[in-house]
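What follows draws every value from the coordinates through simple rules; no lab data is involved. Just so we're clear, the structure is a prediction, and the values are computed from it rather than from any experiment. Ideal geometry is used to build each Cβ from the backbone, glycine not excepted, and the neighbour counts take in all protein chains shown.
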Number of protein chains: 2
Amino acid sequence: MTVSPLAPAAFPDLPVIDGVTFAAAQAGVKYKNRTDVMLALLAPGSTITGVFTRSATRSAPVLDCQTKLGVGDGAAAILVNSGNSNAFTGKAGTGSVDAICNAVAAATGIDPARVFTASTGVIGEPLPHDRIVAKIEELKAAQAATTMADAARAIMTTDTFPKGATQTVTIGGKPVKIAGIAKGSGMIAPDMATMLVYIFTDAKIAFQPLQDMLARLTNRTFNNITVDSDTSTSDSLMLAATGTSGVDVTGNTAFEDALHAVMLDLSHQVVRDGEGATKFVTINVTGAVSDADARLVAMATANSPLVKTAIAGEDPNWGRIVMAVGKSGAQADRDTLTIKLGDLVLARDGWRAPEYSEDKCAAYMKGQEIDINVDLGLGDGTSTVWTCDLTHQYITINADYRS
Amino acid sequence: MTVSPLAPAAFPDLPVIDGVTFAAAQAGVKYKNRTDVMLALLAPGSTITGVFTRSATRSAPVLDCQTKLGVGDGAAAILVNSGNSNAFTGKAGTGSVDAICNAVAAATGIDPARVFTASTGVIGEPLPHDRIVAKIEELKAAQAATTMADAARAIMTTDTFPKGATQTVTIGGKPVKIAGIAKGSGMIAPDMATMLVYIFTDAKIAFQPLQDMLARLTNRTFNNITVDSDTSTSDSLMLAATGTSGVDVTGNTAFEDALHAVMLDLSHQVVRDGEGATKFVTINVTGAVSDADARLVAMATANSPLVKTAIAGEDPNWGRIVMAVGKSGAQADRDTLTIKLGDLVLARDGWRAPEYSEDKCAAYMKGQEIDINVDLGLGDGTSTVWTCDLTHQYITINADYRS
């Protein structure tokens, strides 16, 4: 698999976050000759928050993590494997989660209620958890603060590049560091697009305000990206604050802005690694009667196969955007709608704009970054959604190879 | 464009429906060397009903037709052009509709309030209605009861075959005939998937009961098909009853069943001509807490790019169906879910079924007709939706050619 043309130039230098260490190992869950399991250990007092897929068929590790949020304040652990998602695996799936959590607890002395797991990869196959359990001592022995990049590689499935992002914000003269890793949304049949994100900070903050901040920011980042409209059974985003900086960030907007920047960066990297993606597309919707209506329009546009194939074909086919607005279910009025590609006006006043230039728009579509700006002209509602184009390579990845 | 591999063997012999005549002509709206406009004339007393796209950006002809339903009982006319959809054409679009309706009225003596039009093709371009108006005398002179097949060809855009269906039902010893034509859902950029359907019967029935029957049957046929989840600005389905059989079908279930058969046949033909389609897929959902929930699951499955590419790849990838159920928003329980391919059980009791055979399922997926049967195990709600697979040819049709 060649690296996505939309990949960042390099993996960022991630800072050491005091209070968290990492290790990666080769457990052979499915892949050979690569790391496929990572263990992060968190100092006592760390605050652990998370948001998860809302799928009605979510995986055993997701269900387990959800019960553990906000419980206890001792040391904590996060173990993630790739190659098998432990989803739709019935009671055996729960057994595998318990076996791994108990083994981590036994090796480290951490309360099993503070051990979080995630699995990503093939669905409906029993997870060979013994292979993971057999590596826990090795993972414990190899812990280091500097191996977060190795962890990013261990959680990849068919990602074409590892994903990391970092920000440092100075609060009261002291630096507070944030660093995160993500995987998604590559796929090999029969895997499905899954997304895992782990973010660490040395900020000090209690569970509820951090959980609230995470949920708020997720709605402006990861919940507003889409590659193919399909929702994973395993999507997980966890944020851990070790408190080792000594800086209390409760209600601190500079911290929230920095965390937002990390989450936005990682979420965009997930889109940039969308299957077959050749264009990174930003859809800005303004002028809706509500933010919810704006999001309906943005998501309908981002998920439209006709819009996505037009972008792949570098075709400024604004009729398809009109179609997507119309089908979205949002309140819309043909005569107040304005559609732009970047700054180029396509449609206005219920009609193709007089200044429309096919040549200029076609030239714009040849770029790698495409902005679609839709103003509904009805109110103050806004939404921004990020997506990629729909190409032959998407079909090749998802149809041409048998599982 | 080669004919879809899913096309019927031949266009059916459509019967003469007394009280309606047809003609087709070459107006050169966009296409050259083919018919692109059809005019149907209906006898006085004909009942005209219709259902239309719910898009918020629907076309000028759709908006015009909607105001005319249920008005008057004199002679009537339906004029349809292909090559230009007269959608997102502002006030000029309304002017074009009026110009055509007035010209038909002037030539035929029909009340303009009983002249219905439809346009299908490129969006956002002014409709050169003068070319259509110039053909109205020719269309009037060429009217014949036997040229419904010609009308079916004139309304095609990038359809790979013309679509027709017919049923005759005997009521009180007298035959009542139903015959219909449809176009959809081929596309040339920048056209979008559009669907037009015209059904004629010599049954006798008043506006409201026929309109109610049409709406009821549409929810079991055309509203349950999907090729790519994109909703046209022009979708129109009109049903005209000339009453010339003298048989009153008000409340007659045999007539409703026959009309259902015609609508189901035409709706399936639209799917069979879906862009790039190589498989015809029936998704049956049972056991939902409501019919609405069942439809959510069926539509989420039918519109999932991952399910559709798995079908294209002949991959019995049931994990993707589990994913689609999970994301649908319907109430679902992993442990009561049963998924089958035809009669082959894939998943049951929250786990891959013990009798699952990869070989048998892979063999099933090689067929041209695929049935996906999902039982949610929760209630009595059911829904059936029809779709096709998502192939390289879909991308080729919609991305590879510039408008």
Extent along principal axes [Cα atoms of region A:1-130; Å; largest to smallest]: 43, 38, 29
For B:Pro44, label point 7 Å along C-beta direction: distances to other copies, nm: 9.8
Using the number of other C-beta atoms within 10 angstrom as an exposure proxy, rank B:Ile48, A:Ile110, B:Ile123 with the fewest first. A:Ile110, B:Ile48, B:Ile123
Cα-based convex hull, region A:192-328, per residue volume (Å³, whole number): 128 Å³
Run lengths n ≥ 4 of DSSP H only: what is the helix-derived mean residue ellipticity at 222 nm for the protein assembly as shown, with -39500 (n - 2.57) per run over all residues, to the nearest 500? -9000 deg cm²/dmol
For the residues A:Ser245, B:Ser46, A:Ser328, what sequence is obtained by ranking on other C-beta atoms within 10 Å, fewest first? A:Ser245, B:Ser46, A:Ser328
Can you tell me the dipole magnitude for region B:227-345 around its Cα centre, using point charges on the Cβ only (Lys, Arg +1; Asp, Glu -1), in Debye to the nearest 20? 380 debye
Mean shadow area of region B:256-350 over all directions, Cα convex hull, nm²: 7.0 nm²
Aspartates and glutamates near B:Lys135 by alpha-carbon distance under 13 Å, same-chain residues fewer than 8 away left out - which ones? B:Asp36
Output the relative contact order of chain B, whole-number percent, from Cα pairs under 8 angstrom with separation of 6+ residues. 18 percent
Using the count of nearby Cβ atoms within 10 Å as a rough guide to exposure, how do A:Leu196, A:Leu41, A:Leu390 rank from fewest to most? A:Leu41, A:Leu196, A:Leu390
Region B:9-52 versus region A:341-398: alpha-carbon centroid distance in Å: 37 Å
Within a 10 angstrom radius of each residue's Cβ in B:320-332, how many Cβ atoms of other chains show up on average? Whole number is fine. 6
For a Förster distance of 35 Å, can you work out the FRET efficiency between the beta-carbons of A:Gln66 and B:Lys366, rounded to the nearest 0.05? 0.30
Would you work out the charge dipole size for the protein assembly as shown about its Cα centre, treating the Cβ of every Lys and Arg as +1 and the Cβ of every Asp and Glu as -1, and quote it to the nearest 20 debye? 320 debye
Summarise the partner chain shielding of A:299-311 as one whole number: the mean count of Cβ atoms from other chains within 10 Å of each residue's Cβ. 5
Only helices at least 27 Å long along their own axis, judged from Cα atoms, and with Kyte-Doolittle mean hydropathy of -0.5 or greater: name those in chain A from DSSP H. A:90-108, A:253-272
Beyond 18 Å, what share of the Cα-Cα pairs of region A:301-403 is found? Please give it as a whole percent. 50 percent
Quantify how strongly other chains surround peptide B:386-396 by giving the mean number of their Cβ atoms within 10 Å of each of its Cβ atoms. 4
Computed E for B:Lys91/A:Thr396 - FRET, C-beta separation, R0 41 angstrom, nearest 0.05: 0.35
Evaluate the charge dipole of region B:7-139 about its Cα centre and quote only its size in Debye, nearest 20, assuming +1 on the Cβ of each Lys and Arg and -1 on the Cβ of each Asp and Glu. 440 debye
Sum up the charges of everything whose Cβ sits under 10 Å from the Cβ of B:Asp375, counting Lys and Arg as +1 and Asp and Glu as -1, but leave B:Asp375 out. +2
Evaluate 2.2 N^0.38 Å with N set to the residue count of the protein assembly as shown, then give the Cα radius of gyration divided by it. 1.04
Build a GNM of chain B with springs between Cα atoms under 10 Å: which of B:Ala312, B:Ala151, B:Ala353 gets the top mean-square fluctuation? B:Ala353
Which lysines, on any chain, are close to A:Lys140 with Cα under 29 Å apart, when same-chain ones fewer than 8 places away are left out? A:Lys30, A:Lys32, A:Lys68, A:Lys91, A:Lys163, A:Lys177, A:Lys183, A:Lys204
Shortest first and in nm, the label-point separations between B:Thr250 and its counterparts in the other identical copies (7 Å out along Cα→Cβ) come to 7.4
Per GNM of chain A with C-alpha springs under 10 angstrom, the most fluctuating residue out of A:His392, A:His260, A:His129 is A:His392
With Cα springs under 10 Å, the Gaussian network model of chain A assigns the largest mean-square fluctuation among A:Gly243, A:Gly28, A:Gly109 to A:Gly109
Over all directions, the average projected area of the alpha-carbon convex hull for chain A comes to how many nm²? 19.5 nm²
For region B:2-42, what relative contact order do you get, as a whole percent, if you take Cα pairs closer than 8 Å and at least 6 residues apart? 33 percent
